[in-house]
Amino acid sequence: MSSREPIGVIGTGYVGLVTAVGFAELGSDVVCVDIDAGKVERLQRGEIPIYEPGLAELVEKNRERLTFTTDLSVALDRARLLFVAVGTPPTYSGDADLSAVHAVVNAMPASDRHALVMKSTVPVGTGEAIKRVFEEQGKSGFRYVSCPEFLKEGSAIDDFLDPDRVVIGDEGGWAGDAVTELYRPVLTPELGGSKRGELVRTDIKSAEMVKLASNAFLATKISFINEIANVCEETGADVVEVAKGMGLDDRIGSKFLKAGIGFGGSCFPKDVNALKQLAGNSGYHFQLLNAVIEVNELQKRRVIGKLQKNLGSLVGKRIALLGLAFKPETDDMREASSLVLSARLIADGAEVVGYDPIAAEEAGKLLKGVELAGSASEALAGADAVVLVTEWPEFKELDLAAVASSMRGNVFIDGRNLLDGDAARSAGLVYEGIGRGYAPQADVPAGSSL
């Protein structure tokens with residue numbers, strides 16, 4: 001039996017499963033609860049419903065410490081800390097849908113030995129509202145802790161086991177102390193651990209705001225460099241060189257300074273909108289975030305414009321999309337750029353074929369009217385143009401001469417600035433990146449004036 005605190009995790013989606021496996025790896029027994037009986041059965045058989053590097057291996061390694069069940073009472077009997085990791089998707093108004101969170105709260109019994117630990121991303125004030133509900137339901141002894149997650153898809157296991165910070169919001173007392181002890185091994189040596197995690201022990205509202213503010217700032221940084229990229233295209237500067245020069249300033253840093261076709265995924269779009277909505281509901285107009293959202297949408301439209309500039313009408317043109325997931329090393333299609341691009345291309349009369357090394361199954365559920373190829377070469381064959389949407393490593397190794405010879409056309413839009421533009425042009429492609437200055441046509445030597 002483990003000497004560490006056993007825990008319960010409610011919700012076995014992306015955050016819940018990584019959290020459960022992470023704590024199991026640190027030595028805790030973990031009871032994972034989900035209302036989806038089919039998912040629970042698959043997890044009991046060792047089938048992992050999401051793709052995340054290293055996750056399946058850690059589930060197998062820690063099978064004796066992991067229990068998967070639909071019965072909440074099992075978690076209540078075995079653990080006093082119940083980590084909540086249910087979905088909080090945006091509603092039509094832009095607010096977070098907290099129905100799953102409220103369902104968990106309502107399912108809790110009266111108790112003075114249990115605590116809810118909120119991992120789900122929730123608006124500021126949610127903790128206060130939940131404590132009020134507990135009071136109204138005669139559950140005032142139930143404790144509440146805010147402990148937002150900062151997991152990046154594609155590196156979530158490392159992010160959990162070697163975090164840069166652990167944020168714990170509470171009102172003092174045993175629950176916050178117990179959560180702190182759970183995370184102790186991943187904190188800095190000064191804090192009793194062996195990793196680099198700094199501890200931020202704060203109030204509940206501030207902890208809730210840290211999550212939203214962090215993601216909104218990173219999204220702002222992406223939209224900023226995309227705006228710079230658009231100006232670079234007008235002036236002839238190269239955004240890759242500009243970003244390199246900017247990133248060497250330690251006040252700015254190089255992370256999230258890669259120009260592209262915009263951000264997507266389960267966090268940035270949702271959290272930016274949620275913070276904007278939270279501010280509006282509080283009486284404050286968050287003008288900057290409006291611009292961040294608008295720039296992100298415009299980036300995708302600019303890709304369509306690049307195709308139209310080179311091909312003219314898109315009616316009947318075959319366009320290949322390389323990469324469909326919102327980022328590499330995940331099969332997550334939430335808010336993926338490929339969804340918007342494919343829909344707009346089809347609306348313009350184009351034939352769209354897509355390829356992704358991991359996300360094809362998930363993509364097939366969402367991409368209507370898109371032909372899914374089994375390989376990059378299959379997607380490229382006979383295409384009039386290609387758009388590199390997701391920067392999977394295998395695309396960096398493309399044989400550009402073979403690409404040019406297999407295509408019907410020769411237009412290559414590098415939406416992530418992954419490839420060497422000069423090499424692509426030498427191979428006979430009309431190459432355009434994002435913010436790479438004036439893109440010469442294939443028959444004009446690089447560096448020549450147009």
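Values quoted throughout were computed directly from the atomic coordinates according to the rules given, and no laboratory measurement underlies them. Because the structure is predicted, anything quoted here is derived from the model rather than measured. Backbone-built Cβ (ideal geometry, glycine too); neighbour counts: all protein chains shown.
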When the charge dipole of the chain is computed with +1 on Lys and Arg Cβ and -1 on Asp and Glu Cβ about the Cα centre, the Cα farthest towards its positive end, among Val389, Val122, Thr180, belongs to Val122
Expected sort for 279-290, 74-85 on mean C-beta neighbours within 10 Å, highest first, is 74-85, 279-290
Trypsin sites (Lys or Arg not before Pro) in the range 3-61 lying in a DSSP loop, each with at most 16 other Cβ atoms within 10 Å of its Cβ, come to Arg45
If each part is reduced to its alpha-carbon centroid, the range 310-327 and the range 228-268 end up apart, in Å, by 23
If one builds a Gaussian network model of the chain from Cα atoms under 10 Å apart, the most fluctuating residue listed among Ile319, Ile358, Ile35 is Ile35
Counting only DSSP loop positions in the range 1-87, the GluC sites (Glu not before Pro) whose Cβ has at most 12 other Cβ atoms within 10 Å are Glu47
The lysines whose Cα lies under 25 Å from the Cα of Lys211, excluding any fewer than 8 residues away in the same chain, are Lys119, Lys131, Lys152, Lys195, Lys221, Lys255, Lys258, Lys270, Lys276, Lys327
Taking a ≥ b ≥ c as the square roots of the eigenvalues of the Cα gyration tensor, with a/c under 1.5 meaning rounded and otherwise prolate when a/b exceeds b/c and oblate if not, the range 6-54 is oblate
Ordered by fewest other Cβ atoms within 10 Å, a rough proxy for footprinting exposure, Cys232, Cys267 read Cys232, Cys267
One would report the antiparallel percent of DSSP beta bridges in the range 7-202, rounded to the nearest 5, as 5
Rounded to the nearest 500, the 222 nm mean residue ellipticity computed for the chain from DSSP H runs (n ≥ 4, each -39500 (n - 2.57)) alone is -12500 deg cm²/dmol
Treating only Lys and Arg (+1) and Asp and Glu (-1) as charged, each at its beta carbon, one finds that the chain has a dipole about its Cα centre, in Debye to the nearest 20, of 560
Rounded to the nearest 10, the angle in degrees between the Cα long axis of helix 174-183 and the longest principal axis of the Cα atoms of the chain comes to 50
The long-range amide H neighbours of Arg201, using H built 1.01 Å from N in the peptide plane and a cut-off of under 5 Å, are Ile168
Contact order relative to length for the range 7-202, counting C-alpha pairs under 8 Å separated by 6 or more residues, stands in percent at 18
Taking a ≥ b ≥ c as the square roots of the Cα gyration tensor eigenvalues, with a/c under 1.5 meaning rounded and otherwise prolate when a/b beats b/c or oblate if not, the range 7-202 comes out rounded
Rounded to the nearest Å, the spacing of the alpha-carbon centers of the range 140-154 and the range 1-63 is 16
Between the Cα axis of helix 337-347 and the main Cα principal axis of the chain, the angle (0 to 90°, nearest 10) is 50
Across Lys365, Lys195, Lys152, the residue with the highest GNM fluctuation in the chain (Cα network, 10 Å cutoff) is Lys365
Of Tyr51, Tyr92, Tyr431, the most mobile residue in a GNM of the chain (C-alpha springs, cutoff 10 Å) is Tyr92
note: the range 276-398, Cα-Cα separations exceeding 25 Å make up a percent value of 29
For Ile10, the residues 5 or more places away or on another chain with a placed amide H closer than 5 Å to its own amide H are Val33, Phe83, Val84, Ala85
Checked the range 159-214 against the a/c 1.5 cut and the a/b vs b/c comparison, axes a ≥ b ≥ c from its Cα gyration tensor; verdict oblate
For Phe263, Phe256, Phe395, ascending order of other Cβ atoms within 10 Å (fewest first) is Phe256, Phe395, Phe263
